[in-house]
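Here is the structure we will look at, set down as structure tokens.
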Amino acid sequence: MARVFSGIQPSGDLHLGNLLGANLNWVKMQHEHDSIYCVVDLHALTLLKDPEALRASTIQLAQLLIAIGLDPEQCILFVQSQVPQHPQLAWLMECTVSYGELSRMTAFKDKSNRDGTKFVSAGLFTYPALQAADILLYDTDLVPVGDDQRQHVEITRDIAERYNSRYGDTFVVPQHVIPEAGARVMDLQHPERKMSKSEEGAGTVNVLDDLKAIEKKFKRAVTDSESEVRFDIEAKPGVSNLLSILAGATGGDPATLADQYEQYGPLKADTAAAVIALLEPIQQRYKELAADPAETERLLRLGADKAEAIAEGVLARAKQNIGLLS
Ligand code: AMP
Ligand code: TRP
């Protein structure tokens with residue numbers, strides 16, 4: 001059975017881009033593969049965080065992931081900092097990737113240049129080495145992520161291949177899995193940029209948003225001055241984004257769905273309805289889980305123990321092959 005691994009940062013609220021780009025795929029894959037999912041709190045430290053807020057977001061994100069359908073009996077769900085092999089292997093990864101390769105990462109360039117980022121931590125730069133450690137520690141075959149993570153999975157493959165050729169066969173070389181519809185959900189107000197945790201407001205639909213507010217956000221979504229419904233990302237980014245969201249939420253195909261609409265109004269209304277139908281039960285389940293954080297912490301601890309049992313063996317192999325004492 002193929003091994004699946006993916007991670008998500010506990011920073012900001014979970015939004016529709018996360019869900020359609022990655023997390024719904026996680027839910028699906030847990031039934032088909034041997035799946036491991038991680039709340040990557042160490043990655044969140046690359047940008048300055050309030051300690052209490054970080055702890056609360058970590059638990060909340062785990063609860064949201066369970067609410068969308070991850071079942072701790074079907075997959076391993078754990079928090080990165082509870083498995084010490086992650087930062088340990090990350091150092092070996094840092095010594096296997098070059099400064100030049102890390103400098104080419106677009107996520108680093110974006111985040112380090114963002115307005116308001118006064119302190120660019122070294123961790124923000126070496127972040128992909130920790131991500132490679134996350135993935136390689138589990139002999140991962142498949143990494144389900146949104147399109148923005150393609151480059152990070154590619155650098156992980158390069159690191160694995162380099163390590164294997166320098167020190168002998170050590171790591172499985174993983175592949176990314178990117179969904180067809182929803183791989184890149186764009187901001188509803190600025191459809192030329194991706195929906196993101198850092199862009200608060202009318203363009204981002206959060207999983208825990210009030211349902212009425214979601215309806216409004218879709219009603220006000222930016223389209224264009226034509227009136228034809230057509231899937232054309234270049235010429236019609238706003239309308240194409242709505243079609244992608246509708247397709248992602250209902251399992252359809254954006255270009256085919258376009259044929260069913262002549263006006264923007266009904267497209268917006270149907271997209272809002274599909275998103276609300278998707279989110280309503282998730283919100284309900286989340287409310288129940290949020291009432292008992294101690295139970296979530298217990299489940300996460302069990303997940304970490306299962307993850308560590310696998311990571312330990314792979315780290316030992318990597319240390320042995322590179323010449324460290326055991
Ligand atoms: P992040 O929110 O950056 O921790 O990303 C968590 C997961 O959600 C990753 O697999 C991303 O590729 C995916 N993701 C984040 N934003 C979007 C988006 N706007 N569209 C599609 N996928 C996304
Ligand atoms: N860098 C990813 C993001 O920002 C999160 C992440 C960390 C991840 N480690 C991972 C994703 C391992 C997949 C596999 O979205």
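The values are calculated or read from the model by the stated rules, or taken from the named source; none is laboratory data. Bear in mind the structure is a predicted one, so any value in this text is a computation, not a measurement. Here the Cβ is made from the backbone with ideal geometry for all residues, glycine too, and neighbour counts use every protein chain on show. Only protein heavy atoms, including side chains, enter the accessible area calculation; ligands, DNA and RNA are left aside. Shrake-Rupley method; radii C 1.70, N 1.55, O 1.52, S 1.80 Å.
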* Structure fact -> Here the qualifying pairs (Cβ atoms under 9 Å; residues six or more apart or on different chains; first in region 1-27 and among the hydroxyl-bearing types (Ser, Thr, Tyr); second in a loop (DSSP other than H, G, I, E, B)) come out as Ser6/Thr140; Ser6/Val145; Ser11/Leu47; Ser11/Lys49; Ser11/Lys197; Ser11/Ser198
* To do: Take the residues in region 194-206 that are open to solvent by 10 Å² or more (accessible area, probe 1.4 Å) and more than 17 Å from the chain's Cα centre (by Cα), then tell me which one is modelled with the highest pLDDT.
  => Ala202
* **Verdict on Gly303 being at pLDDT below 95 and farther than 14 Å from Ala221 by Cα** => no
* Structure fact -> With criteria (1) farther than 22 Å from Val153 by Cβ; (2) modelled with pLDDT under 95; (3) open to solvent by 50 Å² or more (accessible area, probe 1.4 Å), Lys219 comes up short on (2)
* To do: Working only within region 135-150, note down all residues that are within 16 Å of ligand 1 (Cβ to nearest atom) and either out of contact with any strand residue (DSSP E or B) (no Cβ under 7 Å at 6 or more places or on another chain) or not charged (D, E, K, R) (or both).
  => Ile135, Thr140, Leu142, Val143, Pro144, Val145, Gly146, Asp147, Gln149
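Report whether or not Leu48 is of a type in the set (A, V, I, L, M, F, W, C), over 24 Å from Leu142 (Cβ atoms) and touching a Phe, Trp or Tyr at 6+ places or on another chain (Cβ under 7 Å). Break it down into steps so the answer makes sense when it comes.
Values: of a type in the set (A, V, I, L, M, F, W, C): yes; over 24 Å from Leu142 (Cβ atoms): yes; touching a Phe, Trp or Tyr at 6+ places or on another chain (Cβ under 7 Å): yes.
Spelling it out, Leu48 is indeed of a type in the set (A, V, I, L, M, F, W, C), over 24 Å from Leu142 (Cβ atoms) and touching a Phe, Trp or Tyr at 6+ places or on another chain (Cβ under 7 Å).
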* Asked: Within region 161-183, can you find the residues that are among the charged types (D, E, K, R) and at pLDDT 95 or above?
  -> Glu161, Arg162, Arg166, Asp169
* To do: Name the residue, out of Asp13, Asp41, Asp34, that is touching a strand residue (DSSP E or B) at 6+ places or on another chain (Cβ under 8 Å), more than 25 Å from Thr126 (Cα to Cα) and among the acidic types (Asp, Glu).
  => Asp34
* Residues in region 74-114 that are at pLDDT below 95 and of a type in the set (Asp, Glu): how many? -> 1
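From Asp148, Asp158, which residue is modelled with pLDDT under 95 and either closer than 25 Å to Met1 by Cα or of a type in the set (D, E, K, R) (or both)? I'd like the intermediate steps shown before the answer.
Details: Asp158 fails: modelled with pLDDT under 95.
Result: Asp148 is the single residue among Asp148, Asp158 that is modelled with pLDDT under 95 and either closer than 25 Å to Met1 by Cα or of a type in the set (D, E, K, R) (or both).
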* From the residues in region 154-177 that are free of Cβ contacts under 8 Å to residues at least 40 places away in the same chain and within 15 Å of ligand 2 (Cβ to nearest atom), which one is most open to solvent (accessible area, probe 1.4 Å)? -> Gln175
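Run down Lys236, Lys212 and say which single residue is open to solvent by less than 80 Å² (accessible area, probe 1.4 Å) and closer than 20 Å to Leu16 by Cβ.
On the way: Lys212 fails: open to solvent by less than 80 Å² (accessible area, probe 1.4 Å).
Step by step, each of Lys236, Lys212 is checked, and only Lys236 is open to solvent by less than 80 Å² (accessible area, probe 1.4 Å) and closer than 20 Å to Leu16 by Cβ.
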* **Which numbered condition Lys287 fails, given (1) touching a residue at least 60 places away in the same chain (Cβ under 8 Å); (2) open to solvent by 10 Å² or more (accessible area, probe 1.4 Å)** => (1)
